[in-house]
Amino acid sequence: MNQIQIEIRELLDLLKNNYSDALKPASYEKVNNFKINAEQKGVNKEVIEQLADLYLVADNFMAEIIMGFHPCDDDIVFEWWNENELWIGQRDFNTLRWTNGKFCLGDAGSISYSKKDEYNTLIELIKGCIKEIKELEE
């Protein structure tokens, strides 16, 4: 595991629930197929690598609330690509996407709930989602 993957694993391990007890990585073959597909579509290479790091730690990860990522081999990730958006996840009414150079937490009708829900990196998005989850648990 590289340093980014270790950080992703540590963050997801903070969510002790039925969904995170067993983080299941995608196979290298599935991740490579995702990378090829994303590169062919013209997705930013840095974004591809960040998502690949997630998938190599936890493919199809679902927290109990707020945060859930689509599996790397699901075409739904690219459903909004004609609008230059990656639909990277969904949980309840929350939508996780990458667009305009940002990883965002919003809903189906809005890119993000506010500017504070737009992040430069996937790890920042995960941290933001965890913060929201912890606030709801209080």
### Message
Could you compute Rg(Cα) / (2.2 N^0.38 Å) for the stretch 2-133, with N its residue count?
### Response
0.95
#### Entry: Calculated [θ] (222 nm, deg cm²/dmol) that DSSP helices of n ≥ 4 give over the chain, each run adding -39,500 (n - 2.57)
-12500 deg cm²/dmol
### Task
For M1, M67, write out the residues from largest to smallest accessible area, computed with a 1.4 angstrom probe and no ligands counted.
M1, M67
### Query
How large is the dipole of the chain about the Cα centre if only Lys and Arg carry +1 and Asp and Glu carry -1, each at its Cβ, rounded to the nearest 20 debye?
220 debye
### Query
Excluding ligands, DNA and RNA, what is the solvent-accessible area per residue of the chain at a probe of 1.4 Å, expressed in Å²?
53 Å²
### Query
Working out 0.36 nm times the residue gap between N60 and A108, then minus their Cα-Cα distance, what length gain in nm do you get to one decimal?
15.4 nm
### Accessible surface of the chain, 1.4 Å probe, proportion on carbon and sulfur as whole %
48 percent
### Set of the stretch 68-89 residues, backbone N closer than 16 Å to the point 7 Å along the Cα-Cβ line of N100
83-87
### Nearest-0.05 FRET efficiency for N33 and E138, computed from C-beta distance (R0 41 Å)
0.50
### Projected label distance in nm at L11 and E49, using a 7 Å step from Cα toward the beta-carbon
1.6 nm
### Task
Once you have a ≥ b ≥ c as the square roots of the Cα gyration tensor eigenvalues for the stretch 55-109, tell me rounded if a/c is under 1.5, and otherwise prolate or oblate according to whether a/b is larger than b/c.
oblate
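The values are calculated or read from the model by the stated rules, or taken from the named source; none is laboratory data. Keep in mind it's a predicted model, so treat the numbers as computed, not measured. All Cβ positions, even for glycine, are placed from backbone atoms using ideal geometry, and neighbour counts span all protein chains on display. Protein only, heavy atoms only, side chains kept; ligands, DNA and RNA dropped before computing areas. Shrake-Rupley method; radii C 1.70, N 1.55, O 1.52, S 1.80 Å.
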